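The values are calculated or read from the model by the stated rules, or taken from the named source; none is laboratory data. Values in this document were obtained by computation on a predicted structure and should not be read as measured data. Here Cβ is always computed from backbone atoms with ideal geometry, including for glycine, and neighbour counts include all displayed protein chains. Surface areas here come from the heavy atoms of the whole protein model, side chains and all, with no ligands, DNA or RNA. Shrake-Rupley method; radii C 1.70, N 1.55, O 1.52, S 1.80 Å.
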Amino acid sequence: MTFIQLFRLLPLLLLIHHGTSNFIEEASIDEIHVAFKQNKLTSRALVEFYLNRIRTLNPQLRAVIELNPDALWQAEEADRKRWARRGSSSGLEGIPILLKDNIATADGMNTTAGSLALLGSVVPRDAGVVKGLRRAGAIILGKASLSEWAHFRSNAAPSGWCARSGQGRNPYVLSADPCGSSSGSGIAVAANLAMVSLGTETDGSILCPSSSNSVVGIKPTLGLTSRSGVIPISPRQDSVGPMCRTVSDAVYVLDAIVGFDPRDAEATGKAAKFIPQGGYKQFLKVDGLKGKRLGILKNFFQSNDPVRKRSFDNHFRTLRKLGAILVNNVEIRNVRTIQNWAISGELTALQAEFKLSLNSYLSELLQSPVRSLADIIAFNNNHAAQENIRQFGQDLLIASQRTSGIGNAEKRALDNLARLSKEGIEKLMAERKLDAIVTPDSTSSNILAIGGYPGITVPAGYGGNGVPFGICFGGLQGSEPELIEIAYAFEQATRIRKPPTFRRVVS
């Protein structure tokens, strides 16, 4: 090892020698910035720490699909800028972040949605949210694994599986469902393979893996964050959001990625009016639950697990103690229809939208082995063993390929989804004057998905089998300030999250 290499590793070696590497594992962004300021840590040492964790644990967890060859260089640049300003830094500056592998980066990494079909493709530019991260000074650490094609390839494929990296595993109980499709983003942050991450959600794909892996997930209002450069399912439902260990970290990431993007002009233009002056950090209030009216959805909290039941009973008492007004047993009368995506029309709409939007995305690639959904289906058939076609199939891809645009059936489906939202959550929240609805895990994901509504999930406990579960606060479009206040106050009062110790238990 050369002297220069030793000098660069010195901060990391000192941290390990003094036994403070455990501090890095669960440290918040604010705590890392304090360490930067006190010259106890560098961005390079922080990235080295995570690279070492990934090398050690990822063969078992399969949460990281690819590492950024420029990560250490970016870290050194962050250190140089900080030293030039005599140690000052804030927000995401010098902080490594992992991106779900459907978020494009115009660098040395692939963007494949976990599929071998897009390996070697070249994107024309960074995704809109990646531009925001780079402006904020974040270090792109790598790409997280996911359920292949954001879980829109097959109904038979398990959450967390993709051909590129295999089966992602829940770090709390290795045999448990990591949930999808942003499973790798949740696993990695939970297991301290990354500090913070980005996921995407069409219906439950941020909220579910966040709940199942004991992390905080924010699914933003539709268009609050740009979807340009993100491998799509539906421009009507897709959203990009943070998955982190704390609400404050998630809010720092959210502040960096919101805003208007001319390449996603319609959605981001409409949502821009919701972004508060001064950003979202101002809503990190420990008394944020005071006076909030929370609708506890009827029948959503029924469980055969006494640990879950006892935990939520305690949480309801905590919410009341912190000043929230709990409106019990409220009901969205059309919820059963909403939660059946075949009956609601959600599946009909998504299949047509997927084909249209994916073909458009593929057409813009500078280089690609596939140029259409039909090409992807053919690729999978030609590489059946590697893509595990015999076991999992590709029924959703085939059904989407059979669509031919937005016809009468799709228009009826879209009209029905709009009506279900208006007569469902919008009517309920107006009639009962609610600030948020409260549900366990991601059970409200369909409700929030079809109307482009936001939700935040926070760790709420660990079941009798050791598998994490979360509590989700959902609201109407633009209600992120209220949801952040609620989620942060709950988190600070309960502090449920604990780091995983890997267990093999069959659920």
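Remarks
- Given Lys131/Lys292; Lys131/Lys273; Lys270/Lys433; Lys285/Lys309; Lys81/Lys285, the pairs whose alpha carbons are separated by over 29 Å: Lys131/Lys292; Lys81/Lys285
- Low-density loop cleavage sites - trypsin sites (Lys or Arg not before Pro) in the range 116-166, where at most 16 other Cβ are within 10 Å (DSSP): Arg125
- The computed mean projected area of the Cα convex hull in nm² for the structure shown corresponds, within (1) 23.0; (2) 29.3; (3) 33.7, to (1).
- Three-way shape call for the range 420-507 based on the alpha-carbon gyration tensor, with the a/c threshold at 1.5: prolate
- Coupling constants for the range 253-266 follow from the phi torsions by the Karplus curve (6.51 cos²θ - 1.76 cosθ + 1.60, θ = phi - 60°), and in residue order they are 5, 4, 4, 6, 10, 7, x, 5, 9, x, 8, 9, 5, 4 Hz; glycine and proline get x.
- In the range 38-96, Cα pairs under 8 Å separated by at least six residues give a relative contact order of 50 percent.
- Ligands, DNA and RNA are left out, and with a 1.4 angstrom probe the accessible area of the chain is 39 Å² per residue.
- The range 445-507 - percent of accessible surface contributed by carbon and sulfur, probe 1.4 Å: 48
- The range 306-362: C-alpha gyration tensor shape, a/c 1.5 cut-off, then a/b vs b/c: prolate
- Percent accessible area from carbon and sulfur atoms, the range 292-395, protein chains only, probe 1.4 Å: 46
- The range 346-476 shape via C-alpha gyration tensor axes, a/c threshold 1.5: oblate
- Highest to lowest packing among 441-454, 301-314, scored as the average C-beta count within 10 Å: 441-454, 301-314
- Length gained on full extension, Ala409 to Arg317, computed as 0.36 nm times the residue gap minus the Cα-Cα distance: 28.5 nm.
- Loop-located trypsin sites (Lys or Arg not before Pro) in the range 348-399 whose Cβ has at most 14 other Cβ within 10 Å (DSSP): Arg371
- The antiparallel fraction among DSSP beta bridges confined to the chain stands at about 65%.
- Separation in nanometres of the label points that stand 7 Å from Cα toward Cβ, at Gln167 and Lys281: 4.3
- Cysteines not pairable in the chain (beta carbon separation under 4.7 Å absent): Cys162, Cys244, Cys472
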